[in-house]
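Only one structure is covered here, and it is reproduced in the block below.
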Amino acid sequence: MIIASIILAGAAAAPAVATTAETPAAIIVVTANRTPQPLNHVGQSISVVDRPELDRRQSQTVSDVLRTLPGVTIARNGSLGGVTSVFIRGAESDQTVALIDGVKLNDPSTVGGGFNFGNLLVGNIERIEVLRGAQSVLWGSQAIGGVVNMVTRPPTEDLRVNVRGEAGWRNSANLVANVSGKFGPLSASVGGGWLRSDGISNFSERRGGRERDGYENFGANANFNLALGDDVSIDARGWYSRGRFNADGFAPPSFSFGDVNEENITREIVAYTGLNAALLEGRWKNRLGFAYTDTDRRNTALDGAPFVTFDGQGRNERLEYQGVVDVASGWQATFGAEQEISRYTTASFGGAPTTARARIQSVYAQGVASPVDGLTLTAGLRHDDHNRFGGATTFGASGVYVLSATGTTLRASHSEGFKAPSLFQLFSNFGNQQLKPERSTGWDAGVTQSLADGRLEISATWFRRVSSDLIIFIGCPTQTGICVNRPFGTYDNVARARAQGLELALTMRPTDALTLQVTHGTVDARNTTAGNANQNRRLARRPEMSTSLLVDYRWGFGLTTGATVTNIGRSFENAANTVVLPGYTLVDLRASLPIGRRLELTARIENLFNAVYETALNFGQPGRAAYAGLRVTL
């Protein structure tokens, strides 16, 4: 592959990839330590995509941004709004923690208890941080593959208004606005967005799909901070999304996949409120907060009389305390306690609803130390107590060493992760209340080299992860053991998996006007379950290779032009590796032109060469599309 050859010729890339023009010392991240830290003090592999980069890319969905990062791939069931899975380093999608402003977004009413990225739009997101590798010490259950943290637009000191609109292919339209400012002791940021499109046939057109399946989404965000004094404040944050998606499925009498007229509505609410207090002259920062997430999903068949085929609600209530103490110069301790109560209610085809509830209590502590200049060491421990499976303890440690004289950064980490069984796996008609948590142990090591006064940065990360006690569905040919009263099967901790690979990135800024970014990920994710029919076969929908090239150039008269080339290798649709999903290459073009200080025209073309591809079998993906828009900043 040409792009991969360019990287390898240059050397390699990134334990920590920052798609900004700032130096690692100037970039502050919060996902790794749950408290702000300079990027060059973090030993784990992190990518940061900031607001200027999001503006340049003009992407509508967060998943389109994520798939350009090393070690991250996606699978989407159709076009905008389709169920979207994010795989980090080959881990399952429900082994990824998704956060909005630090609040976990998982949906307890789904089979695996994970998060669907299909309705997550860029909208008023200010920055995206992606941590690759387990981080259950600080983020708890599901943080096996990694953590995706979206930070919405924060309050500003001065009154600021941002508005942008866009229209294009197949009657698509997108409007986003945000207002922020400070009014005495109150700082605020409030925004909203709307997107709609006639879409494509989610049943692939090359396989016979004909009807267009549209999508519409309303969203809102809010962030308030009330200063009660110099060292005490109250936070209140909220995020809302309502997506309406016309889905395809399995229609009678053949029940084969094809065009159907079914409407899926997903409503998501995230709310957080917290009290912040700094003691000991600011050296001991305390936060006591309550987080609430509520996801409602309803699927309705619209052919004939409308009929609800599925109705589900998943809810999380999390009470948490966190303390951060600056022990001494270069020494910091973070510790906390959490209690999360999860609930779900589901009903299918008009049947009686089923409900379930689980509680998990957690304590954690982590220390960060800089014993000598350039060296930062981190280690932490967590214990979780679940009211069904009992306890789980996880450990993590990392180190980073910066040789400022040569511009070299060395990183390494050991990480452990766990995932609690989902409510469906525990309590549904197929449930097994004897399930244990899924576990993982992994490591990574990397090097970053800065050259030419920071205009060239090359780096590489090697990683390996072993997962055990993975939960899969099993048949029950005999009614003994865990199969008693489970004639159609149940769930059990019987699977193992291994993932290993290499993540590369190269950033070049040969002139102030030109930026070139290349990322490449190689992930070998395999089933290692002894005696299993699929032992040593690749995990489904996990491409072995993914490469992205981003080029942006700012012309002397203000015009900025850019392109993104994304190449994804082939993968397999099924665990037996008998159904191939061919690889594909996407080319996107973009341009923006400022008009005065307040206005900016934007335009882009997606999938320039009209590539036909699938990330999930039989589900179509958008072809060539063009959009034009306007941004206003006041």
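Laboratory data are not the source of any read-out in this text; all were calculated from the coordinates shown. Predicted model, so just to flag it, every value in this text is computed and none were measured. Here the Cβ is made from the backbone with ideal geometry for all residues, glycine too, and neighbour counts use every protein chain on show.
Overview of values
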{"quantity": "Sequence-distant residues sharing a close amide H with ARG542 (under 5 Å, placed H)", "calculated": "PHE572"}
{"quantity": "Lys/Arg +1, Asp/Glu -1 at C-beta; the stretch 2-633 dipole; positive extreme among GLY374, ALA420, ILE568", "calculated": "ILE568"}
{"quantity": "Those residues of the stretch 386-418 whose amide nitrogen sits under 18 Å from the label point placed on SER370, 7 Å along Cα→Cβ", "calculated": "398-412"}
{"quantity": "GluC sites (Glu not before Pro), loop per DSSP, at most 14 other Cβ atoms within 10 Å - longest free stretch of the chain", "calculated": "282-634"}
{"quantity": "Cleavage-rule hits, trypsin sites (Lys or Arg not before Pro), the stretch 578-619, DSSP coil, Cβ neighbours within 10 Å at most 11", "calculated": "ARG597, ARG598"}
{"quantity": "The chain: C-alpha gyration tensor shape, a/c 1.5 cut-off, then a/b vs b/c", "calculated": "rounded"}
{"quantity": "Alpha-carbon radius of gyration plus Dmax, which is the widest Cα pair, for the stretch 447-490 in Å", "calculated": "24.9, 69"}
{"quantity": "Trypsin sites (Lys or Arg not before Pro) within the stretch 206-269, DSSP loop, no more than 12 other Cβ atoms inside 10 Å", "calculated": "ARG210"}
{"quantity": "Length-normalised contact order for the stretch 492-634 - Cα pairs under 8 Å, 6+ apart - percent", "calculated": "15 percent"}
{"quantity": "Loop-located trypsin sites (Lys or Arg not before Pro) in the stretch 399-481 whose Cβ has at most 16 other Cβ within 10 Å (DSSP)", "calculated": "ARG455"}
{"quantity": "Total charge dipole magnitude, the chain, about the Cα centre, Cβ charges on Lys, Arg, Asp, Glu only, Debye to nearest 20", "calculated": "620 debye"}
{"quantity": "The stretch 225-366: relative contact order as a whole-number percent, Cα under 8 Å and 6+ apart", "calculated": "17 percent"}
{"quantity": "For PHE335, net neighbour charge (Lys/Arg +1, Asp/Glu -1) across residues whose Cβ lies under 12 Å away", "calculated": "+2"}
{"quantity": "3J(HN,Hα) from dihedral phi, the stretch 353-370, Karplus parametrisation 6.51/-1.76/1.60, rounded to Hz, x for glycine, proline", "calculated": "x, 10, 10, 7, 8, 9, 10, 9, 10, 9, 9, 8, 8, 8, x, 10, 9, 10"}
{"quantity": "Estimated inter-spin distance, ILE234 and ARG357, nm [label 7 Å along Cα→Cβ]", "calculated": "2.8 nm"}
{"quantity": "Directionally averaged shadow of the stretch 292-346, computed from the convex hull of its alpha-carbon atoms, nm²", "calculated": "5.8 nm²"}
{"quantity": "Electrostatic dipole magnitude of the stretch 265-342 [Cβ: Lys, Arg +1; Asp, Glu -1; Cα centre; debye, to 20]", "calculated": "140 debye"}
{"quantity": "In nm, spacing of pseudo-spin labels at TYR292 and GLN339 (7 Å Cα→C-beta vector)", "calculated": "1.7 nm"}
{"quantity": "Sum of -39500 (n - 2.57) over DSSP H runs of 4+, divided by residues of the chain (222 nm, nearest 500)", "calculated": "-1000 deg cm²/dmol"}
{"quantity": "Where only alpha carbons of the stretch 170-297 are counted, the Rg and the Dmax (Å)", "calculated": "22.1, 72"}
{"quantity": "Dipole of the stretch 111-162 [Lys/Arg +1, Asp/Glu -1 at C-beta], most positive-end residue of PHE115, VAL148, ILE125", "calculated": "PHE115"}
{"quantity": "The stretch 116-194 - Rg and Dmax from Cα coordinates, angstrom", "calculated": "16.6, 46"}
{"quantity": "Residue (of TRP139, THR515, ALA540) at the positive-pole extreme of the stretch 2-633, dipole from beta-carbon charges", "calculated": "ALA540"}
{"quantity": "Estimated FRET transfer efficiency when R0 is 51 angstrom, pair ARG210-VAL494 (beta carbons, to 0.05)", "calculated": "0.75"}
{"quantity": "Percentage relative contact order, the chain, counting C-alpha pairs under 8 Å, at least six apart", "calculated": "13 percent"}
{"quantity": "Integer Hz, Karplus 6.51/-1.76/1.60 couplings in order for the stretch 602-614, x for Gly and Pro", "calculated": "10, 7, 7, 10, 9, 6, 3, 9, 6, 4, 9, 7, 9"}
{"quantity": "Reduced Cα scattering model of the stretch 535-630, Debye log10 I(q)/I(0), q = 0.15, 0.22 Å⁻¹", "calculated": "-0.70, -1.07"}
{"quantity": "Contour minus Cα-Cα distance for ALA576 and ASP303 (0.36 nm per residue)", "calculated": "94.7 nm"}
{"quantity": "Theoretical gain in end-to-end length, ILE269 to GLN434 [0.36 nm per residue, Cα-Cα removed]", "calculated": "56.2 nm"}
{"quantity": "Note, ³J(HN,Hα) from phi for the stretch 321-330, Karplus 6.51, -1.76, 1.60, rounded to Hz, x at Gly and Pro", "calculated": "10, 9, x, 10, 10, 7, 5, 7, 4, x"}
{"quantity": "Where labels lie 7 Å past Cα in the beta-carbon direction, separation of SER256 and LEU159 in nm", "calculated": "6.3 nm"}
{"quantity": "Contour excess over end-to-end distance, with Cα ends at ARG464 and TYR401 and 0.36 nm allotted per residue", "calculated": "20.6 nm"}
